[in-house]
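Following: one structure in structure tokens, then a few remarks.
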Amino acid sequence: MNRELLKLAILNILSNLTIPLVSLVDVGLMGHLANSSHIVAIGFGVMIFNFVYWSFGFLRMGTTGVISQAFGSEDTKGIVTTLQQSLFIALIGASLLLFSQHYLYAFAEYLISAESSVNRSMSLYFEIRIWAAPATIVTYVFTGWFLGMQNSKAVLYLTLVVNLANAFFSYLFVVVFNYGNQGVATGTLIAQYLGLVFCIVYLRLNYRKIALLLFKFSSDLFGGFKSLMLLNGNIFIRTFVLITVLSFFKTQAGNISIEIGAANILLLEFVTISAYGIDGFAFAAESISGKYFGKGNRALFLKSIRVSFLWGLMSALVFSIAFILFGKNILGILTDKQMIIDLAIDYLPWLIIAPLVNSIAFVWDGIYIGATASKLMRNSMIFSGLIFFVLFYFLDGSFGNHGIWLSLTLFMLCRGIIQTILFKTSLLKSLALQ
């Protein structure tokens, strides 16, 4: 079991870590421009698209859970049909985003209420990057499908194509052509469509039978569509609450001052790095737990959970140690503004404990997705989100930015505790495993 999980997890970790590294490049490019508002604008711009695109994260997670179970039960028909259904939903969603982009940005600008200099830069970033929506959302489906098929190698190749292209073109347009925020957005736009092309070509070369069936209409296309939509709906609500909490965290820090907002955005890159690293084991847990759930093997399902937590917590410890040793050095790479570095250093302790606290919820997410227990995921996130906002308003004004970080830390801790309780009281009892 250890070997099986590590085979998937190591590839997942390599692919996942390229994602925050590209974000580090984007923030670093802005962090060395003359005005600190560029850092905040990129942070808010990325936040808007995280809010938008992560709302469609159900397509990645839901697809992985259903496909991994179909893979475990050797259901080829289900594998094809689920991919067709998920791509259909993705294309409809992307079209709605493009048609409503002006209203979406106006609403985001109203909620953020940033300074005029930040709004101008953020608007330029948004107007370009929104056109990557079709490629981004469809790629979510392919990522989930590859993971469900136990093919982490394809996900590694995909993320390397997208994120290395993103870093290259962002650097080219910002440093060489001096396009500022627009250059970062253009780099992302090009990279996303290169990723989509890769998915189509890879599917055609490595899954020829499925590729041929994919574009053939079947009367079974909408069979089971209701249950898939219910699964995705629960994951959507769960993800919506999560990104609402994270977006609120960013905006509240930015409202204290541009400098505090910039410091927090830099620090969140640390959280993102550790999250994507630990998620390598969470993604492996999705694939393996889903496979054994699909096989109906209770003993192997429970063993996959124990192994996932062992490696997930070990990886979290590595990140915490790395932040202790190299945290200040990373901040110096991200920006040359000493005042922002000094502000960020005051909050580094929160980043050191974050991986250990967050890893519990991350691994549970993978297990719940593999078991397609989306209702329990939704409920645990809603309850944890309520706790976050109660804590934030209770602490508001008392501890400043430390209060914001404390609220976020307790939010993640509550997620892990509630998921552990629900697993023992609800999930195990509901599983029809042998």
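Which of the residues belonging to segment 133-151 are touching a Ser or Thr at 6+ places or on another chain (Cβ under 7 Å) and surrounded by fewer than 24 Cβ atoms within 10 Å (Cβ to Cβ)? Full working, then the answer.
Keep residues of segment 133-151 that are touching a Ser or Thr at 6+ places or on another chain (Cβ under 7 Å), which gives 141, 144-145, 147-148, 150.
Within segment 133-151, just Gln150 meets the criteria.
Which residues, counting only those in segment 354-405, are more than 18 Å from the chain's Cα centre (by Cα) and basic (Lys, Arg)?
Lys375
Restricting segment 57-84 to residues that are within 22 Å of Phe240 (Cβ to Cβ) and touching a Phe, Trp or Tyr at 6+ places or on another chain (Cβ under 6 Å), which is modelled with the highest pLDDT? It would help to see each step written out before you state the result.
First pass over segment 57-84, keeping only residues within 22 Å of Phe240 (Cβ to Cβ): 57-66.
Now restrict to residues that are touching a Phe, Trp or Tyr at 6+ places or on another chain (Cβ under 6 Å): 58-60, 63.
Values: Phe58: 79, Leu59: 82, Arg60: 81, Thr63: 85.
By that ranking, first place goes to Thr63.
Taking Val390 as meeting all but one of (1) in contact with a helix residue (DSSP H, G or I) (Cβ under 8 Å, 6 or more places away or on another chain); (2) more than 24 Å from Phe301 (Cα to Cα); (3) hydrophobic (A, V, I, L, M, F, W, C), write down the number of the exception.
(1)
If you go through segment 247-265 one residue at a time, do you hit one that is modelled with pLDDT of 75 or more and within 19 Å of Ile67 (Cα to Cα)?
No.
What are the residue pairs meeting all of these: first residue in segment 373-392, first residue within 14 Å of Ile243 (Cα to Cα), second residue surrounded by fewer than 17 Cβ atoms within 10 Å (Cβ to Cβ) and at pLDDT below 90, Cβ atoms under 9 Å, and 6 or more apart or on different chains?
Arg378/Gly233; Gly385/Thr244
Specify which of the listed residues (Ile305, Ile340, Ile260) is in a helix (DSSP H, G or I), within 25 Å of the chain's Cα centre (by Cα) and more than 27 Å from Ala373 (Cβ to Cβ).
Ile260
Restricting attention to segment 74-91, which residues are within 18 Å of Ser287 (Cα to Cα), surrounded by 14 or more Cβ atoms within 10 Å (Cβ to Cβ) and more than 21 Å from the chain's Cα centre (by Cα)?
The answer is Asp75, Gly78, Ile79, Val80, Thr82.
Can you tell me which residue among Ile243, Ile200 is part of a helix (DSSP H, G or I), closer than 30 Å to Ser380 by Cβ, at pLDDT 75 or above and among the β-branched types (Val, Ile, Thr)?
Numbers: Ile200 fails: closer than 30 Å to Ser380 by Cβ.
Exactly one of Ile243, Ile200 is part of a helix (DSSP H, G or I), closer than 30 Å to Ser380 by Cβ, at pLDDT 75 or above and among the β-branched types (Val, Ile, Thr), namely Ile243.
The values are calculated or read from the model by the stated rules, or taken from the named source; none is laboratory data. Computed from a predicted model, the values in this text were never measured in an experiment. Methodologically, a virtual Cβ is constructed for each residue, glycine included, from the backbone with ideal geometry; neighbour enumeration extends over all protein chains shown.
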